[in-house]
Amino acid sequence: MLTGIAALGGAASLALLMAMPAAAQSAVSLDERAAAQAAAVQADVVKWRRDIHQHPELSEEEVRTAKLVADHLRALGLEVRTGIAKTGVVGILRGGKPGGVVALRADMDALPVEEQTGLPFASKVKAMYDGKQTSVMHACGHDAHVAMLMGTAKILAGMKADIAGTVIFVFQPSEEGTLGPRVSGAELMIKENLFGALEPDAIFAIHVVPGESGKLLWRSGGMYAASDRIEIRLSGKQTHGARPWDGTDMPAIASGIVQDFAHIASRQVNVTHAPTVLTIAAINGGNRFNIIPESMTLLGTLRTFDPEMRKLAMAKAEASVASISALYGGSAEFIWTAPTPAVINDPKLTAAMTDALRKAAGKAGIDNQIDPATGSDDYSYFSRLYPSIYYNLGIGFPKGTNHSPFFDVVDEGALEVGVRSQVLTTLTFLQKIQSGELPRRKAK
């Protein structure tokens, strides 16, 4: 029957389903209902995604996007809270029957990138960033995330009477963060008590990535790395480039740190346990070919999946900087900022959702054993508090990856799979809570 209903596509499939007697509808499997309704909202999802893509907003500035979302949720009859973490939006759908609580999260912000996709709905938006007018682009797919969750909300709101439990839709600002000390939208929403007394039993999120269109990808355990920003301020005595022995050889200190950091990540932590990346990405100091400056600044990042390995790598990095600086007669200040935890997929929840995700993906299939990614996402603030699954959605192969000026959702048809996956995992989770197969989360 799935082929017969879903093959009609769009509104026709939904109309046929809703025209069935109640008894006949109940005989239609959950994945068939999800497929039919995801097809029905696909045109809206594409429209919303293109509109949001054409009007991107930087972190903490997602005013237009937040209004679009809030107006949509109110029109669906949901309870809506706005202004959380400045521009965050939360919608609450209380089902017709008691049950568990599940949250779905989408991030809303864009990046300071000049779009080069050539799309008819490409962004031409500019905004102030780092003190100057800068182009803004949805170069990481958050436009798709928002649109898919709006579509999911529309479907689930239409099924309200049959839902046993509560669904919370979280539209999060500032995942990418701002210049200077990181302001995590997820962390700030949690600090501002976004859930109130209605804390979820689990939370789900989806992220679009280059890959086979419609394929769903994830892993149990560490999905995305913990991230720490590094700033190292070196100080010493300035000297002429022709007389390096009269001062502090700052370039030698900087190069020694870079080399030793590579050694720490490859030789001084257990590389067989979990990936560790320790990178210096920028070295700033000096402006003359023949003057060794009195100060230099190094900027970088540490990425880890294990808290103990993080502590070990941090300690070794600090010791390395101190010893190398002292060796050349300089001093160093080591500053760690913007810590973001690792995104962890709960093993039991991940296993329980595998069949639902497989059905949602259909012919495109799944890969539930992907390698851990050393990128980061502040969704981790949710995943460390609540059982979580975070999975990726392939959207074809754009000319550039996430954060590239060429990044795009090449196949918008993949968004239908994304909506289907969110609907199906939500309903499956609430059913498993109802049956006792999955436990309610214990209040802390």
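Every number here is computed from the coordinates shown, using simple stated rules; none is lab data. Because the structure is a prediction, the values reported are computed rather than measured. When we count neighbours, we look across all protein chains shown, and the Cβ atoms used for this are built from the backbone with ideal geometry, even at glycine.
Given the rule -39500 (n - 2.57) for each run of at least 4 DSSP H residues, summed and divided by the residues of the chain, what is its mean residue ellipticity at 222 nm, to the nearest 500 deg cm²/dmol?
-11500 deg cm²/dmol
Taking the Cα centre of the chain as the origin, how large is its charge dipole in debye, to the nearest 20, when only Lys and Arg (+1) and Asp and Glu (-1) carry charge on their Cβ atoms?
700 debye
Which one of Glu416, Glu57, Glu318 has the biggest mean-square fluctuation once the chain is modelled by GNM with Cα springs under 10 Å?
Glu318
Apply the Karplus curve 6.51 cos²θ - 1.76 cosθ + 1.60, θ = phi - 60°, to the phi angles in the range 92-103 and return the couplings in whole Hz, x for Gly and Pro.
Those phi angles translate into 10, 10, 9, x, x, 10, x, x, x, 10, 10, 10 Hz.
Please report, in whole Å³, the volume per residue of the convex hull around the C-alpha atoms of the range 278-342.
It is 91 Å³ per residue.
With the cut-off at 23 Å, tell me which of the pairs Lys126/Lys191; Lys47/Lys363; Lys97/Lys432; Lys154/Lys442 have Cα atoms farther apart than that.
Checking Cα-Cα distances, Lys126/Lys191; Lys47/Lys363; Lys154/Lys442 exceed 23 Å.
Net charge near Thr134: determine it from the other residues with C-beta under 9 Å of the C-beta of Thr134, scoring Lys and Arg +1 and Asp and Glu -1.
The answer is 0.
Are there GluC sites (Glu not before Pro) in the range 113-191 that DSSP puts in a loop and that have at most 16 other Cβ atoms within 10 Å, and which ones?
Taking the range 113-191 and a limit of 16 other Cβ atoms within 10 Å, the loop GluC sites (Glu not before Pro) found are Glu114.
How do the peptides 33-46, 285-298, 353-366 rank, highest first, by the average count of neighbouring beta carbon atoms within 10 Å per residue?
33-46, 353-366, 285-298
For the range 226-340, list log₁₀ I(q)/I(0) at each q in 0.10, 0.18, 0.21, 0.23 Å⁻¹, using the Debye formula over Cα point scatterers of equal strength and ignoring solvent, two decimals each.
Computed log10 I(q)/I(0) values: -0.31, -0.84, -1.06, -1.21.
Note down the net charge around Arg219, summing +1 for each Lys or Arg and -1 for each Asp or Glu among other residues with Cβ under 9 Å from its Cβ.
-2
What's the local net charge at Ala205, with K and R +1, D and E -1, over the other residues with C-beta under 12 Å away?
Here the charged neighbours net out to -3.
Using only the alpha carbons of the chain, what is the convex hull's orientation-averaged projected area in square nanometres?
Mean orientational projected area (the chain, Cα hull): 22.9 nm².
When you count, for each residue, the other Cβ atoms within 10 Å and take the mean per peptide, how do 205-212, 189-196 rank with the highest first?
The packing order, highest mean first, is 205-212, 189-196.
By average Cβ neighbour count within 10 Å, what is the ranking of 122-128, 256-262 from highest down?
256-262, 122-128
Quote the charge dipole size of the range 292-400 about the Cα centre in Debye, to the nearest 20; the model charges only the Cβ of Lys and Arg (+1) and of Asp and Glu (-1).
Roughly 440 debye for the range 292-400.
Taking the chain as a Gaussian network, where each spring joins two C-alpha atoms under 10 Å apart, which residue of Asp411, Asp201, Asp378 fluctuates the most?
Fluctuation is largest for Asp411.
Using alpha carbons only, how many angstrom separate the centre of the range 234-284 from the centre of the range 313-388?
Centre-to-centre (Cα) distance: 24 Å.
For the chain, give the share of DSSP beta bridges that are antiparallel, in percent and rounded to the nearest 5; count only bridges with both residues there.
70 percent
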